[in-house]
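Q: What follows is a structure written as structure tokens; I'll ask about it next.
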Amino acid sequence: MQIQVIGGTKTLFVECEEGENLLAVLQRSGFNIAAGCGGRGVCGKCKVHVAGGEYKEEREVLACTSKACEGLIVRVGEYAGGGLTETAQEAFACDGEEGYGLAVDIGTTTVAFALMELSTGKTLDKYAQLNRQASFGADVISRIMSAEAGNGALLAAAVRGQIQEAIESLRKKHSVAEIKKVAVCGNTTMLHLFCGEDVSGIGRYPFTPVFVNYREIPGSELGLSAKTVQILPSVSAYVGADVVAGCIAAGLDKEEALLADIGTNGEMLVHRDGKFLCTSTAAGPCFEGANIECGTGGVAGAIDSIVLKDGKIEYTTIGGKAPIGICGAGLVDAVAVMLEKGVIDETGAFDEGERFTITDSVYLSQKDIRNFQLAKSAVYSGIRVLAARAGLTFATLKKLYIAGGLGFYLSGESAQRVGLLPTENAQNQKVIGNAALAGTQACMLSKEALERAIKLAKEAEYIDLSADPEFMDEYIGNMSFGGADGEDE
């Protein structure tokens with residue numbers, strides 16, 4: 001049988017079986033449906049409007065708990081928009097190669113693109129979209145589980161199709177005859193899914209990926225209309241090419257510093273005395289909008305900053321659009337405002353009520369605050385323990401770079417107030433936005449930058465914090481907001 005699916009300007013008649021899970025049908029048909037819980041009926045974000053068939057009137061339902069039926073009409077609101085692609089490092093050295101290249105950062109939540117003129121290093125265009133794999137789960141583990149359940153080919157097709165559409169759109173927009181090469185970074189799982197590799201080894205001990213080395217693949221093998229695809233190197237199963245690229249963008253291999261890439265995972269790398277140490281913490285996807293009831297990625301309409309002015313809440317949104325939800329940077333600000341207003345106490349508990357209202361449709365709940373506490377403690381504790389393993393304290397750490405899913409607009413003051421970042425070296429912290437994309441651009445343009453990335457990835461030593469007693473003590477101790485006054489937690 002067929003059902004009719006309407007998404008934006010796209011209308012399809014989709015073949016499916018009577019009683020088949022509606023989310024699975026939409027995923028298979030290429031519709032970008034948010035389903036952070038991976039279709040378990042928990043997150044409530046895969047809402048669609050249905051009519052016809054057994055529905056006498058149009059209504060809103062969860063796709064993951066609904067079934068296809070004869071005569072069904074489904075209207076979906078696909079998520080898309082320009083995300084946070086800004087970076088503090090925008091000057092690129094280049095080898096002067098002729099042609100055009102596309103740098104791609106495959107984030108778990110957001111895919112960012114930058115079209116480059118290879119001969120000059122000029123950025124012709126740059127934008128981001130929510131990763132279409134989101135309908136298979138919000139985080140790395142849910143994507144791995146989905147791949148193991150038989151959706152590996154669909155996950156690969158989703159992101160490859162998204163990149164190919166970007167290639168075609170950018171070529172047309174800028175009258176480019178050919179994309180010579182595509183350079184790709186991402187966490188290790190995202191790169192495996194993109195390449196069609198088995199991810200099962202990443203999801204279970206001893207966490208062994210199929211590959212971490214640098215790869216060059218003909219674009220035709222991946223269904224991309226580009227001559228060559230460059231896959232940047234990773235360090236381990238949970239420190240990926242996005243962190244390596246970010247370190248190149250920040251010049252971390254040339255100075256004593258620590259970089260924290262804060263997104264769905266908290267990945268960190270520190271350089272001291274010629275040695276590189278790195279680790280990762282399971283921060284969860286709340287910094288990229290998932291597991292937050294009104295959360296969204298860094299797309300147009302996402303609330304990205306909140307301040308308290310004359311006792312009233314003021315906010316901004318990405319692109320100045322009407323608010324559709326709150327992204328990571330806005331979430332950090334919101335929690336800081338809640339602490340300032342006394343809406344929540346140092347334990348994170350609400351003083352009264354169950355919600356903090358930002359707009360008529362955007363709010364934060366007690367569950368949201370608890371998810372935020374888990375995430376912020378994981379990041380803060382990971383930075384603290386990694387610095388200690390390098391023989392550094394927050395007070396002696398010369399430079400702390402903040403990159404990743406929180407984008408370019410994270411307020412350092414808010415991040416310190418809520419205990420996400422340390423207060424001891426506040427003057428030495430620098431938010432650099434999407435350093436992963438910038439580093440990928442650098443590696444695509446310059447062989448010297450690419451060689452630095454390969455060298456760093458090979459030399460970095462991974463520290464596993466998953467069963468580390470020092471990390472667990474820190475993690476529990478840093479859960480509250482009590483350390484926000486500048487003292488060690």
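The values are calculated or read from the model by the stated rules, or taken from the named source; none is laboratory data. Owing to the predicted nature of the structure, the values given are computational and were not obtained by experimental measurement. No Cβ is skipped: glycine too gets one built from the backbone with ideal geometry, and neighbour counts run over all protein chains shown. These accessible areas exclude ligands, DNA and RNA; they are computed on the full protein's heavy atoms, side chains included. Shrake-Rupley method; radii C 1.70, N 1.55, O 1.52, S 1.80 Å.
Q: Summing Lys, Arg as +1 and Asp, Glu as -1, what charge do residues with Cβ under 13 Å from the Cβ of E293 carry, E293 excluded?
A: Result for the neighbourhood of E293: +3.
Q: Could I ask something else about it? Of H192, H49, which has the most accessible area and how do the rest follow, probe 1.4 Å? Show your work: numbers first, answer last.
A: Details: H192 0, H49 75 Å².
Putting H192, H49 in descending order of accessible area: H49, H192.
Q: What are the extents of the Cα atoms of the range 288-359 along their three principal axes, in Å, largest first?
A: The Cα atoms of the range 288-359 stretch 33, 30, 17 Å along their principal axes.
Q: Which of the residue pairs K275/K398; K321/K367; K122/K173; K126/K275; K254/K458; K312/K399 have a Cα-Cα distance greater than 25 Å in the structure shown?
A: Long pairs (Cα-Cα over 25 Å): K321/K367; K126/K275; K312/K399.
Q: To one decimal place, what Kirkwood hydrodynamic radius in Å is obtained for the range 161-266 from all pairs of distinct Cα atoms?
A: The Cα-based Kirkwood calculation yields 15.2 Å.
Q: Nearest 5 is fine: what % of DSSP beta bridges in the chain come out antiparallel, could you say?
A: 70 percent
Q: Right, another one. Each residue of the range 138-149 in turn: what ³J(HN,Hα) in whole Hz from Karplus with 6.51, -1.76, 1.60 and θ = phi - 60°, glycine and Pro shown as x?
A: Values per residue, Gly and Pro as x: 7, 10, 4, 5, 5, 5, 4, 4, 5, 4, 5, 7 Hz.
Q: In whole Hz, with x marking every Gly and Pro, tabulate ³J(HN,Hα) for the range 246-254 from phi via Karplus 6.51 cos²θ - 1.76 cosθ + 1.60, θ = phi - 60°.
A: Per-residue couplings from phi come out as x, 5, 5, 4, 7, x, 4, 6, 10 Hz.
Q: Right, here's the next one. Extent of the range 252-388 along each principal axis, from alpha carbon coordinates, in Å, largest to smallest?
A: 52, 34, 28
Q: Taking amide H positions as placed in the peptide plane 1.01 Å from N, state which residues far from L421 in sequence (5 or more) or on other chains have amide H under 5 Å from it.
A: Close amide H contacts, sequence-distant or interchain: Q416.
Q: Given the C-alpha centroids of the range 309-374 and the range 245-266, what is the distance between them in whole angstrom?
A: Cα centroid of the range 309-374 versus Cα centroid of the range 245-266: 28 Å apart.
Q: Cα atoms only: what Rg and Dmax, in Å, come out for the range 106-221?
A: 15.1, 48
Q: Give me the percent of accessible area attributable to carbon and sulfur for the range 428-474, probe 1.4 angstrom.
A: Carbon with sulfur: 52 percent of the solvent-accessible area.
Q: In addition: Which cross-chain or sequence-distant (5 or more) residues have an amide H under 5 Å from the amide H of A300, H modelled 1.01 Å from N in plane?
A: Under 5 Å from the amide H of A300 lie the amide H atoms of G82, each far enough along the sequence or on another chain.
Q: Normalising by the residue count of the chain, find the relative contact order in percent from Cα pairs under 8 Å and 6+ residues apart.
A: Computed value for the chain: 15 percent relative contact order.
Q: Of all the accessible heavy-atom surface of the range 249-353, with the other protein chains kept in place and a 1.4 Å probe, what percent is carbon and sulfur?
A: Carbon and sulfur atoms account for 45 percent of the accessible area of the range 249-353.
Q: For S361, what accessible surface area do you get with a 1.4 Å probe? Give it in Å², rounded to 10.
A: Around 80 Å² of this residue is reachable by solvent.
Q: A further question follows. With +1 on each Lys and Arg Cβ and -1 on each Asp and Glu Cβ, how big is the dipole of the chain about its Cα centre, in debye rounded to the nearest 20?
A: About 1040 debye.
Q: Another question, then. With Cβ to Cβ distances under 12 Å as the rule, what net charge do the other residues near I202 carry (K, R +1; D, E -1)?
A: Every neighbour counted, the sum reads -1.
Q: Right, here's the next one. Give me the percent of accessible area attributable to carbon and sulfur for the range 354-398, probe 1.4 angstrom. Spell out each step's value before the answer.
A: Numbers: 870 of 1770 Å².
Within the range 354-398, the accessible surface is 50 percent carbon and sulfur.
Q: What's the Cα-based Rg to Rh of the chain, Rh via Kirkwood?
A: Numbers: Rg = 22.0 Å, Rh = 22.8 Å.
A ratio of 0.96.
Q: Considering amide H positions built from the backbone, and no H for Pro or chain starts, which residues 5 or more places from C46, or on another chain, come under 5 Å of its amide H?
A: Excluding prolines and chain starts, which carry no amide H, the hits are A63.
Q: Report ³J(HN,Hα) in whole Hz for each residue of the range 51-57, in order, from the Karplus equation J = 6.51 cos²θ - 1.76 cosθ + 1.60 where θ = phi - 60°; Gly and Pro get x.
A: 8, x, x, 7, 9, 6, 10
Q: Give the span of the range 339-489's Cα atoms along each principal axis, as three whole-Å numbers ordered largest to smallest.
A: 57, 38, 30
Q: Here's a follow-up. When the dipole is taken about the Cα centre of the range 132-209, and only Lys, Arg (+1) and Asp, Glu (-1) are charged at their Cβ, what size is it in debye, to the nearest 20?
A: 340 debye
Q: Here is a follow-up. Using the Cα centre as the reference, give the magnitude of the dipole from point charges on the C-beta atoms of the range 90-186 (Lys, Arg: +1; Asp, Glu: -1; all else neutral), rounded to the nearest 20 debye.
A: In total the dipole reaches around 260 debye.
Q: Something else: If I take all pairs of Cα atoms in the range 146-196, what percentage of them are more than 17 Å from each other?
A: For the range 146-196, the fraction of Cα-Cα distances above 17 Å is 44 percent.
Q: Let me ask something else about it. Can you work out the accessible area per residue across the chain, with the rest of the protein chains kept in place, probe 1.4 Å, in square angstrom?
A: For the chain, the per-residue accessible area is 40 Å².
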